[in-house]
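**Student:** Structure below; questions to follow.
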Amino acid sequence: EIVLTQSPGTLSLSPGEGATLSCRASQPVVSNYFAWYQQKPGQTPRLLIYGISSRATGVPDRFSGSGSGTEFTLTISRLDPEDFAVYYCEQYGSIPRTFGPGTKVDI
Amino acid sequence: QVVQSGGGLVKPGGSLRLSCAASGFTLTEYYMSWIRQAPGKGLEWLSFIGDSAGHTNYADSVRGRFTISRDTAKNSVYLQMNGLRPEDTAVYYCAREYSAYDHWGQGTLVTVSS
């Protein structure tokens, strides 16, 4: 099983600042099948990034993904008030599919 | 669109079936997964069903207790949950896997308590 570790656990920032979220995999992710999700309280997770760096439909370009192998990053260039949420990384190249524990971005 | 139904309160050892109806796409063309989220916790993948043969797989935490299935005529996926435990209490999501999980159901709460 590929274990995903996210850091930091919590990121306290202000609107307009940039954010860098990290995710480390215990083994290389297969075929670049790596994604990021955003979840706000009481809401369903929303796909932001798939294939390491491709933005999902409707996702603003202030969100970008990068990385390879076992190290991945989600960058939010300028935080909008609606971006304060929990962010999860996920690998979908191996079974079982696994998620990271999440990074909370709060004010 | 993915619409879920089922869920509710069940006693330990009990059973429950969750349903997930898809519209706007054909289930057999995608992998469909069940994912859960315990209160205040992260996301946990449970099972998927996919391809024309209906290949399935399960997380160790539910293998032997939960069964995923689908009805192609109803374009629906199901999760039969047996031998429920208090630690199975969570919001359960059905999600389509296409370039990651791009469509999610609204989630349904399952509470296992006496």
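The values are calculated or read from the model by the stated rules, or taken from the named source; none is laboratory data. Since we're looking at a predicted model, the values are computed, not measured. Counting neighbours? That spans all protein chains shown, and the Cβs are built from the backbone with ideal geometry, glycine included. Surface areas here come from the heavy atoms of the whole protein model, side chains and all, with no ligands, DNA or RNA. Shrake-Rupley method; radii C 1.70, N 1.55, O 1.52, S 1.80 Å.
**Student:** Look through A:Glu1, A:Glu71 and report the one residue that is touching a strand residue (DSSP E or B) at 6+ places or on another chain (Cβ under 7 Å) and more than 25 Å from B:Gln37 (Cβ to Cβ).
**Tutor:** Exactly one of A:Glu1, A:Glu71 is touching a strand residue (DSSP E or B) at 6+ places or on another chain (Cβ under 7 Å) and more than 25 Å from B:Gln37 (Cβ to Cβ), namely A:Glu71.
**Student:** Yes or no: B:Cys20 more than 11 Å from every other protein chain (Cβ to nearest Cβ), under 20 Å from A:Arg46 (Cα atoms), in contact with a Cys (Cβ under 6 Å, 6 or more places away or on another chain) and not hydroxyl-bearing (Ser, Thr, Tyr)? Quick ask: steps written out before the conclusion?
**Tutor:** Values: more than 11 Å from every other protein chain (Cβ to nearest Cβ): yes; under 20 Å from A:Arg46 (Cα atoms): yes; in contact with a Cys (Cβ under 6 Å, 6 or more places away or on another chain): yes; not hydroxyl-bearing (Ser, Thr, Tyr): yes.
Answer is yes for this residue.
**Student:** Still on this structure: Taking B:Leu9 as meeting all but one of (1) aliphatic (A, V, I, L, M); (2) open to solvent by 50 Å² or more (accessible area, probe 1.4 Å); (3) at pLDDT below 95, write down the number of the exception.
**Tutor:** (3)
**Student:** Which of the residues spanning the stretch B:41-55 are modelled with pLDDT of 95 or more and surrounded by fewer than 21 Cβ atoms within 10 Å (Cβ to Cβ)?
**Tutor:** Quick first cut of the stretch B:41-55, residues modelled with pLDDT of 95 or more only: B:41-49.
Matches in the stretch B:41-55: B:Lys41, B:Gly42, B:Glu44.
**Student:** Right, something else. Among the residues of the stretch A:15-54, what is the count of those that are assigned to a loop (DSSP other than H, G, I, E, B), among the aliphatic types (A, V, I, L, M) and either open to solvent by 50 Å² or more (accessible area, probe 1.4 Å) or touching a residue at least 24 places away in the same chain (Cβ under 8 Å) (or both)?
**Tutor:** So the count comes out to 1.
**Student:** Only one residue in B:Val77, B:Val112, B:Val91, B:Val3 is out of contact with any Pro (no Cβ under 9 Å at 6 or more places or on another chain), surrounded by 16 or more Cβ atoms within 10 Å (Cβ to Cβ) and either of a type in the set (A, V, I, L, M) or closer than 23 Å to A:Phe99 by Cα (or both), so which one is that?
**Tutor:** B:Val77
**Student:** Are any residues in the stretch B:56-74 without any contact (Cβ under 8 Å) to a residue 40 or more places away in the chain and either open to solvent by 90 Å² or more (accessible area, probe 1.4 Å) or within 14 Å of another protein chain (Cβ to nearest Cβ) (or both), and if so, which ones?
**Tutor:** At the first step, the residues of the stretch B:56-74 found to be without any contact (Cβ under 8 Å) to a residue 40 or more places away in the chain are B:56-69, B:71, B:73.
Selection gives B:Thr56, B:Asn57, B:Tyr58, B:Ala59, B:Asp60, B:Ser61, B:Val62, B:Arg63, B:Phe66, B:Ile68, B:Ala73.
**Student:** When you check B:Leu9 against the structure, is it on the phi < 0 side of the Ramachandran plot, outside any helix (DSSP H, G or I) and touching a Leu at 6+ places or on another chain (Cβ under 6 Å), yes or no? Before you say what the answer is, go through the steps one by one.
**Tutor:** Working: on the phi < 0 side of the Ramachandran plot: yes; outside any helix (DSSP H, G or I): yes; touching a Leu at 6+ places or on another chain (Cβ under 6 Å): no.
Spelling it out, it is not the case that B:Leu9 is on the phi < 0 side of the Ramachandran plot, outside any helix (DSSP H, G or I) and touching a Leu at 6+ places or on another chain (Cβ under 6 Å).
**Student:** In addition: Can you tell which of B:Ser19, B:Ser23, B:Ser99 is at pLDDT 95 or above, of a type in the set (Gly, Ala, Ser) and in contact with a strand residue (DSSP E or B) (Cβ under 8 Å, 6 or more places away or on another chain)? Break it down into steps so the answer makes sense when it comes.
**Tutor:** Details: B:Ser23 fails: at pLDDT 95 or above; B:Ser99 fails: at pLDDT 95 or above.
Result: B:Ser19 is the single residue among B:Ser19, B:Ser23, B:Ser99 that is at pLDDT 95 or above, of a type in the set (Gly, Ala, Ser) and in contact with a strand residue (DSSP E or B) (Cβ under 8 Å, 6 or more places away or on another chain).
**Student:** When you scan the stretch A:4-14, do you find a residue that is part of a loop (DSSP other than H, G, I, E, B), under 13 Å from the mean Cα position of the chain (by Cα) and within 14 Å of chain B (Cβ to nearest Cβ), even just one?
**Tutor:** Within the stretch A:4-14 (the criterion being part of a loop (DSSP other than H, G, I, E, B), under 13 Å from the mean Cα position of the chain (by Cα) and within 14 Å of chain B (Cβ to nearest Cβ)), the answer is yes, since at least one residue qualifies.
**Student:** Can you tell me which of (1) under 22 Å from B:Ala21 (Cβ atoms); (2) more than 12 Å from every other protein chain (Cβ to nearest Cβ); (3) outside any strand (DSSP E or B) is the one B:Glu87 doesn't meet?
**Tutor:** (1)
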